[in-house]
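Down below is the structure, laid out as structure tokens.
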Amino acid sequence: MFRLKLLSSKQQKVQWDEIEKEIGMEHSWVSPQKTLQYFEQDYVSKEVFFDIFKRYVSGKYCFTEDGILAESGEFTGLPSEEAREKMANWLEERGLGKKTVQYKMRDWVFSRQRYWGEPIPIVHCEKCGAVGVPEEQLPIQLPDVASYEPTDTGESPLAHIENWVNTSCPKCGGKARRETNTMPQWAGSSWYYLAYIMREDQEFKIQNAPLFQQWLPVDLYVGGAEHATRHLLYARFWHKFLYDIGIVTTKEPFKRLVHVGLINAEDGRKMSKRWDNVINPDDVVSEFGADALRLYEMFMGPFTQNISWNTESVSGVRRFLDKVWKLFDRVSLGEEKVYKKDIETLFHKTLKKVTEDIEEFRFNTAISSMMIFVNSLEKEASLNRDMYEKFLILLSPFVPHIAEELWEKLGKTSSIFLQKWPVWDETKIIDEMVNIVFQVNGKVRDIQTVSVDISEEEMKKLAQESEKVQKHIEGKEIKRSIFVKGKLINIVV
């Protein structure tokens with residue numbers, strides 16, 4: 001039983017015998033009702049898609065995403081986008097409606113006040129009214145005071161700091177008072193990435209094109225999904241304005257956006273004091289350690305997906321770290337760089353996998369590959385020092401404290417985080433031996449380890465000589481054999 005993800009809505013006819021040859025199995029069509037019966041058996045895991053399928057079979061499922069229209073009269077078979085256009089034209093032709101575009105803009109909440117924040121550059125003059133502060137007087141500095149608690153009147157604490165609030169009108173020179181409301185935190189955070197760049201010249205000059213050309217746009221923006229309609233939106237407002245007036249050199253501030261998934265409580269709900277289900281990280285650190293907490297957060301699931309916390313699973317991650325620590329006692333003291341072939345191949349595969357997964361935010365699969373590698377090292381009586389050192393560098397972004405400690409125990413004087421990242425060798429990630437599946441009529445009957453270069457004829461001979469396979473082909477006619485190099489051979493009888 002397979003779940004398949006469609007790459008597009010385009011249909012393409014295929015020859016089933018080609019598919020069978022590729023996957024080494026025969027196919028059959030099963031009705032939705034029989035499929036449902038299969039999933040309802042106790043030993044079959046129930047995943048999210050099962051509920052969707054169940055509602056689909058019962059006729060209670062409503063698909064709300066874009067797709068191909070069905071049972072929609074003359075619009076049946078059209079993609080959603082094309083159908084919307086034709087439906088709108090159909091309504092207009094009959095005078096039943098017309099096309100229109102609706103824009104929805106979230107308020108930029110300057111009305112949400114903080115009692116201490118960036119001053120708004122406006123003064124209030126008894127004669128001239130509200131007057132903008134001239135550019136040469138910007139930025140307005142907040143006063144240096146010992147206390148900035150809220151006032152009893154509901155005003156900002158700035159309202160009671162007389163030597164700051166009382167000023168003169170830039171227009172007429174008369175008495176004026178500064179605006180005491182301040183900007184919300186969105187104002188400062190909308191351009192903080194520029195401040196990091198501007199800081200290099202120590203004067204925070206915003207007109208510094210060479211530095212902006214060097215560093216912009218920002219390579220990566222990581223934030224929760226709510227940022228898309230809040231901070232990300234406001235940052236783009238500011239950046240596009242600065243681009244229009246020639247301050248920054250790129251139209252967009254960020255190259256890539258990655259949303260971080262939400263960690264829910266163990267009961268599957270959002271953590272909240274109301275539900276008394278909040279996980280206190282201090283408690284987890286106290287029991288398992290900071291590195292175990294850090295590693296589990298990255299291992300518990302895909303970075304962008306919401307997932308529920310499971311305290312019991314943290315202990316599994318802690319056991320992995322214990323294994324890494326104990327491996328130190330098996331490290332040889334010499335500097336030799338001779339590896340066992342199978343361990344060397346697995347190490348270079350692990351190095352490649354972890355490096356690429358970090359770039360793509362697939363931290364959970366990167367950690368999984370390191371766990372597999374450590375399990376293999378546990379079977380060795382002694383470990384190559386050079387390989388162990390490189391593995392610690394590989395592990396260090398995930399568990400910085402333990403990695404640094406083990407690095408120091410190896411006699412290193414400079415931090416592990418100042419070391420060059422290891423590079424894998426493409427010629428050393430190719431297996432010499434592979435596990436091959438022997439099937440009869442699509443059912444697995446045996447698994448054997450063979451040379452990666454084994455030919456189809458040699459594989460057929462090896463399969464037919466297998467005692468486990470012979471039980472199922474004896475006295476039967478072999479119609480054909482399906483061979484998938486490096487994976488399997490399927491004997492059809």
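The values are calculated or read from the model by the stated rules, or taken from the named source; none is laboratory data. Computed from a prediction, not measured in an experiment: that's the story for all the values here. As a convention, Cβ positions derive from the backbone with ideal geometry for all residues, glycine included, and neighbour counts pool all protein chains shown.
Of note, L321 satisfies the criterion of being under 19 Å from S368 (Cα atoms) and either assigned by TED's automatic domain parsing to the domain that holds V222 or in contact with a Gly (Cβ under 9 Å, 6 or more places away or on another chain) (or both). If you go through segment 292-332 and pick out every residue that is touching a Lys or Arg at 6+ places or on another chain (Cβ under 9 Å) and assigned to a helix (DSSP H, G or I), you end up with 4.
For L96, the requirement of being assigned to a helix (DSSP H, G or I), at pLDDT 90 or above and more than 30 Å from L158 (Cβ to Cβ) is not met. Do we find a residue being basic (K, R), surrounded by 14 or more Cβ atoms within 10 Å (Cβ to Cβ) and outside the structural domain of E226 (by TED's automatic domain parsing) anywhere in segment 272-279? Within segment 272-279, not a single residue is basic (K, R), surrounded by 14 or more Cβ atoms within 10 Å (Cβ to Cβ) and outside the structural domain of E226 (by TED's automatic domain parsing). Taking residues in segment 213-229 that are surrounded by fewer than 17 Cβ atoms within 10 Å (Cβ to Cβ), and partners anywhere that are of a type in the set (D, E, K, R), the pairs with Cβ atoms closer than 6 Å and at least 6 places apart or on different chains are D219/K255; L220/R256; T229/R106. Does at least one position in segment 421-431 carry a residue that is surrounded by 14 or more Cβ atoms within 10 Å (Cβ to Cβ) and in contact with a Gly (Cβ under 9 Å, 6 or more places away or on another chain)? Yes: segment 421-431 contains one or more residues that are surrounded by 14 or more Cβ atoms within 10 Å (Cβ to Cβ) and in contact with a Gly (Cβ under 9 Å, 6 or more places away or on another chain). Residues in segment 148-170 that are more than 22 Å from P184 (Cβ to Cβ) and in a loop (DSSP other than H, G, I, E, B): 3 in all. The residues listed here are S147, S189, S168, S156; of these, the one that is touching a Ser or Thr at 6+ places or on another chain (Cβ under 7 Å) and either outside the structural domain of Y221 (by TED's automatic domain parsing) or modelled with pLDDT under 85 (or both) is S156. Only one entry in K479, K460, K485 is over 20 Å from I430 (Cα atoms) and surrounded by 14 or more Cβ atoms within 10 Å (Cβ to Cβ), namely K460.
Can you work out which of the residues in segment 171-186 that are closer than 13 Å to P121 by Cβ and not in a strand (DSSP E or B) is modelled with the highest pLDDT? Checked segment 171-186; the qualifying residue modelled with the highest pLDDT is E179. For segment 155-173, the criterion of being surrounded by 13 or more Cβ atoms within 10 Å (Cβ to Cβ) and under 30 Å from P210 (Cα atoms) is met by no residue.
Can you find a residue in segment 109-121 that is at pLDDT 90 or above and outside any loop (DSSP other than H, G, I, E, B)? No, segment 109-121 has no match at all.
Scanning segment 435-451 for residues that are outside the structural domain of F483 (by TED's automatic domain parsing), touching a residue at least 60 places away in the same chain (Cβ under 8 Å) and not in a loop (DSSP other than H, G, I, E, B) turns up nothing. Selection of first residues in segment 303-330 that are closer than 25 Å to G223 by Cα and of second residues that are of a type in the set (V, I, T), restricted to Cβ pairs under 6 Å at least 6 apart or on distinct chains, gives the following pairs, ordered by first then second residue: W309/I263; W309/I279.
R269: without any contact (Cβ under 8 Å) to a residue 60 or more places away in the chain, basic (K, R) and in the same structural domain as L321 (by TED's automatic domain parsing), yes or no?
When the stated conditions are applied, R269 passes them.
Considered as a group, the residues in segment 213-256 that are of a type in the set (K, R) and within 18 Å of I197 (Cα to Cα) include one that is nearest to the chain's Cα centre (by Cα), and that residue is K255. Candidates are the residues of segment 351-373 that are of a type in the set (D, E, K, R) and within 16 Å of the chain's Cα centre (by Cα); the one that is surrounded by the most Cβ atoms within 10 Å (Cβ to Cβ) is K353.
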